[in-house]
Each structure stands twice: as structure tokens, then as C-alpha cells.
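Scroll down for the structure; my scribbles are underneath it.
Where a number appears in this text, it was derived from the coordinates with a stated rule and is not lab data. The structure displayed is predicted, hence computed values, not measured ones. Because the Cβ atoms are built from the backbone with ideal geometry, glycine has one as well, and the counts that use them run over all protein chains shown.
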Amino acid sequence: MQAVVPAAGEGTRLRPRTADRPKGLVEVAGRPLLSHVFGTLVDLGVSEIVVVVGYRGEAIREHYGDRFADTSLTYVRQDERLGLAHALLQADPHVEDDFVCLNGDNVCRANLGAVLDRHREADADATSLVDDVSRERATEGGVFEFDGEEVVGLVEKPAEPPSTRVPRGFYVFSERIFDACRLVTPADTGEYELSDAVDLLLSAGRTVKTVPLEGWVRNVNTPADIEWVAQRLEDGSSQ
């Protein structure tokens, strides 16, 4: 199975660290951020990683070349950072069959294999790792809507969240996600939201599943996030 890693962002909240390097090469616990991401995917058994680069993307190419460990790397460019749905579309020509997607700034020690297993068992078009958060946190990004235990919607930044279960940066997708991404209209920010693409799959009657997070995931956006991850890794914590 292939993997797609969106890694085009500038990392403005990590300045001055990102003044002369892309966010993916900022060191976290003694290794570039992307090395943590790639290592997680290699452990999951992916055959190829398609890396979506943008800001100072050539530095990522130069650092890693065409392989990480024994896994091949393919690079595509997202010249304009127009959201995750737009980023995925840049990878479309290089992806065959179902694939995993892990955000390029997420360090995790989590049950990603269970997400992959659930996706295959359910013959789903999208399966997401999810976390249960506070209602306040649920207003800040995508939030799943359920009818019982069945996923019926995914809404972005709702004023009144339909649940408190949110995606945590790791999905398994069928190729139908690319068709959905092409149908997404830009949000007020001008970005094409991946949550809107997943919601379009649901509107078309496609199957979307979720798997509760076991372990931890940290989106590395600030120096405090770097310190948090470094401490967790030093402690060997899975919680």
C-alpha cells in the first residue's frame, strides 16, 4: 500500500526555525520532523511514500533523496497551499488503489494498524483515526456526525458540534477520495478542506468508518509541541 504525506506548509508558528528550512526538516527529539512521519509509515509496511512538498521543498528532496530506509519516496509539488484536499489532488497521478494519508507534521505512537484493518474489513472508502475531545476543541476543526455508531457527516469548524469525535491526521482512503476532492468548493479561507471531501463521500452513499485513538498523536506547530513530543519519546510513553 502507498502513503501520501502532505508536507508543503511553511510552519510560520515555528519561526525562526523555519526561516531557512521547511517545517518538515525542523528537528524534533534529534531528528527531522519528517523522519518521524516516514518512520511511522515504514513501520506500517507501506511500499512507497508520495510526499507533497511546497515551501523550500527542494531542501526535503536533497535531504532524503529517493528513499527512506528501504521505502521509495516520490515528490510532488503544491505550489499554492490551498488546503489538504488540494494537496491530495497533487498526489493523484502517482497513487494506485487504496492508500494511507498521514499529515507531515504529526508525530504519533498510535494504533494506525487498527485503522488499516478496519478499512479493509469494512471495504470502506475512508477510515479515520479519531479522538474524543472537549466541545470547545470540537469547534476548531473537522468533527464527525454519527447516527448511533454510523458516520453520517463530517463538518468543519461547527458552532454547535454534532459530536466531540475529531479526525487526528491519519486516514486510509480509496481512490474515490480524489473524485470527491475535485468537487470541493473553497472555504472562506480559500482552502479546499479534506473534511468537505469526506463529507461528499458520505453524501454519495459511500462508507466512512472511524477507529478511536489508542496512544497519542501530536500535531507539531509550535516550540511547545516540539518539547511535548521530545518528552513523550524520551519517556517512551504510549499515552
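Quick notes on this structure:
- Principal-axis tilt of helix 33-44 within the chain, Cα atoms, nearest 10 degrees: 60 degrees
- Taking the square roots of five times each eigenvalue of the Cα gyration tensor of segment 66-109, the equivalent ellipsoid has semi-axes of 18, 15, 12 Å, listed largest first.
- Alpha-carbon gyration tensor eigenvalues x 5, square-rooted, for segment 12-118, Å: 21, 17, 14
- When the convex hull of its Cα atoms is projected in every direction, mean area for the chain (nm²): 12.3 nm²
- Using C-alpha pairs below 8 Å separated by at least 6 residues, the relative contact order for segment 1-129 is 34 percent.
- Rh (Kirkwood; distinct C-alpha pairs) - segment 188-239, Å: 14.3 Å
- By the compact-protein rule of thumb, 2.2 N^0.38 Å, the alpha-carbon radius of gyration of segment 6-65 corresponds to a ratio of 1.10.
- Of Ile60, Ile177, the sequence from fewest to most neighbouring Cβ atoms within 10 angstrom is Ile60, Ile177.
- Within segment 91-181, the proportion of Cα pairs with more than 22 Å between them is 31 percent.
- Sequence-separation-based contact order of segment 14-70, relative, with Cα cut under 8 Å and 6+ spacing, percent: 34 percent
- Secondary structure note: in the chain, about 55% of the DSSP beta bridges are antiparallel.
- Using C-alpha pairs below 8 Å separated by at least 6 residues, the relative contact order for the chain is 23 percent.
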